[in-house]
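Since the structure comes first, as structure tokens, the remarks are kept for the end.
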Amino acid sequence: MIRLRRLRENEVLRNMVRETQISKSDLVYPVFIKEGTNEKNPVDSMPGIYQYTLDRFDEELERIQAAGIPAILIFGIPEHKDECGSGAYDENGITQRAVREIKKKAPELLIIADVCLCEYTSHGHCGLVQDGKILNDETLPLLAKMAVTLAKAGADMIAPSDMMDGHIAYLRKALDENGCVDTLLMGYSAKFASGYYSPFRDAAHSAPAFGDRRTYQMDPANGREALRECEADIEEGADIIMVKPALAYLDIVKAVRGETKHPLAVYNVSGEYSMVKAAAINGWIDEKRIVMENMIAMKRAGADIIITYHALDVARWLQDEQ
């Protein structure tokens with residue numbers, strides 16, 4: 001008889017033959033920084049997550065550093081919004097100021113800056129709009145201006161989440177021409193039009209005022225198309241590619257991993273986070289066990305990098321186990 005259970009006999013053996021490991025170096029923690037002063041606003045649909053004004057962000061930065069989180073993904077929330085999202089590419093915009101301030105206080109922290117217009121436009125869409133249509137090519141120069149201002153502010157990596165065609169090549173060219181040749185690009189390569197984003201839109205104040213984003217984000221039914229999107233981003237010069245969301249798309253993660261040796265990120269998005277938190281608050285699940293099982297699933301599917309709102313908790317649990 002083949003007795004596979006021999007390898008599960010005790011903790012030493014189980015650790016010895018464990019195929020997939022989670023470490024702090026895998027984690028990226030998303031943060032929300034808003035204009036204003038002396039505010040720390042809870043995001044009701046995301047227990048434990050807050051919007052901070054820049055003058056209050058030090059307390060969150062201290063938690064991030066104490067936990068040993070190596071990287072953050074910044075989303076800015078402006079006070080002013082307009083049709084063309086001008087606050088997104090303002091050199092003194094909220095995200096640009098946040099990057100400069102955080103880099104000054106925590107130079108070792110890797111800063112990833114989200115590039116998209118949705119938080120900054122009055123209509124809430126990720127690009128310019130004309131007669132109800134999202135304009136692809138006309139949006140690219142604005143995304144490029146945003147990317148360059150954030151890179152010059154000190155962002156180590158630019159992550160365009162807008163899903164405009166050709167944006168990686170356009171941003172790479174703009175960054176290089178402006179002396180930002182060492183700034184990395186992480187594509188939101190296979191970003192699906194998902195119901196799992198709803199809590200994020202509360203956190204970032206980015207819900208579209210009309211329609212939805214299905215003309216530019218991917219159909220959740222399409223797997224082969226996801227591979228094409230990833231291939232396109234790689235050809236255009238992405239340093240890292242991403243699948244978003246994570247848990248409902250682990251088959252996509254696995255398929256992408258099988259097609260490329262590029263570094264692969266997943267975004268464990270707000271809805272995935274909030275469902276776990278809600279069940280844990282009600283005492284229905286063991287939060288730590290479920291979260292760590294989810295982390296393992298993402299790594300086992302092939303992810304190198306996990307962007308997750310659970311990052312602080314995961315880092316603490318990993319530390320406790322040492």
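The values are calculated or read from the model by the stated rules, or taken from the named source; none is laboratory data. Since this is a predicted model, take the numbers as computed values, not measurements. Reconstructed Cβ throughout: ideal geometry from the backbone, glycine too, with neighbour counts over all protein chains shown. Just so you know, the surface numbers come from the protein's heavy atoms only, side chains and all, with ligands and any DNA or RNA stripped out. Shrake-Rupley method; radii C 1.70, N 1.55, O 1.52, S 1.80 Å.
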(request) Note down the nm distance, to one decimal, between modelled labels 7 Å out along Cα→Cβ at Ser122 and at Asp251. (result) 4.3
(request) Quickly rank 140-148, 73-81 as a protection proxy: mean count of other C-beta atoms within 10 Å, highest first. (result) 140-148, 73-81
(request) Consider the candidate values (1) -0.66, -1.18, -1.27; (2) -0.45, -0.95, -1.11; (3) -0.52, -0.95, -1.07; state which one is log10 I(q)/I(0) by the Debye sum over Cα atoms at q = 0.09, 0.13, 0.14 Å⁻¹ computed from the structure displayed. (result) (2)
(request) Along Cα→Cβ, 7 Å out, is where each label goes; now give me the distance between the ones at Asp58 and Thr215 in nm to one decimal. (result) 4.7
(request) Would you kindly find the accessible area of Thr139, with a 1.4 Å probe and non-protein molecules such as ligands, DNA and RNA excluded, rounding to the nearest 10 Å²? (result) 0
(message) Quick check on the range 187-288: take the gyration tensor over C-alpha atoms, sort the square-rooted eigenvalues as a ≥ b ≥ c, and tell me if it's rounded (a/c under 1.5), prolate or oblate.
(response) oblate
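What's the carbon and sulfur percent of the chain's accessible surface, probe 1.4 angstrom, rounded to a whole number?
Answer for the chain: carbon and sulfur cover 49 percent of the accessible area.
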(request) Quick one: work out the % antiparallel among DSSP beta bridges in the chain, nearest 5. (result) 15
(message) For the range 293-316 and the range 108-155, what is the centre-to-centre distance using only Cα atoms, to the nearest Å?
(response) 27
(request) Name all residues of the range 141-165 having a backbone nitrogen under 20 Å from the label point set 7 Å from the Cα of Arg228 along its Cα→Cβ direction, giving them as ranges. (result) 162-165
(request) Starting from the Cα of Lys133, draw a straight line to each of the lysines and keep only those under 21 Å, dropping any in the same chain fewer than 8 residues away. (result) Lys81, Lys191
(message) What do you get for the angle between helix 270-281 and the principal long axis of the chain? Use alpha-carbon atoms, 0 to 90 degrees, nearest ten.
(response) 50
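Grab the Cα-Cα distance for Thr20 and Asn282, subtract it from 0.36 nm times how many residues apart they are, and report the gain in nm with one decimal.
Details: separation 262, 0.36 × 262 = 94.32 nm, distance 2.98 nm.
The Thr20-Asn282 span can extend by a further 91.3 nm.
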(message) Longer than 24 Å from Cα to Cα, which of Lys104/Lys152; Lys105/Lys244; Lys34/Lys145; Lys104/Lys261; Lys104/Lys145; Lys34/Lys104 are they? Say none if no pair is.
(response) Lys105/Lys244; Lys104/Lys261
(request) Report the full-extension gain for the segment Asp320 to Ala193: residue separation times 0.36 nm, less the Cα-Cα distance, to one decimal in nm. (result) 42.0 nm
(request) Once you've got the GNM for the chain with C-alpha springs shorter than 10 Å, pick whichever of Ala193, Ala153, Ala106 has the biggest mean-square fluctuation. (result) Ala106
(message) Along the Cα→Cβ direction, 7 angstrom out, place labels at Lys173 and Leu110. What is the inter-label distance in nm?
(response) 2.8
(request) Leaving out ligands and nucleic acids, note down the accessible area per residue over the chain with a 1.4 angstrom probe, in whole Å². (result) 46
(message) With n ≥ 4 as the cut-off for DSSP H runs, can you work out [θ] at 222 nm for the chain, using -39500 (n - 2.57) per run divided by the number of residues, rounded to the nearest 500?
(response) -11500 deg cm²/dmol
(request) Give me the angle, in degrees from 0 to 90, between the Cα long axis of helix 224-236 and the longest principal axis of the Cα atoms of the chain, rounded to the nearest 10. (result) 60
(message) Defining a contact as two alpha carbons under 8 Å apart and six or more residues distant in sequence, what relative contact order in percent does the chain show?
(response) 18
(message) Angle check, please: helix 250-259 long axis (alpha carbons) against the longest principal axis of the chain (alpha carbons), in degrees 0 to 90, nearest 10.
(response) 80
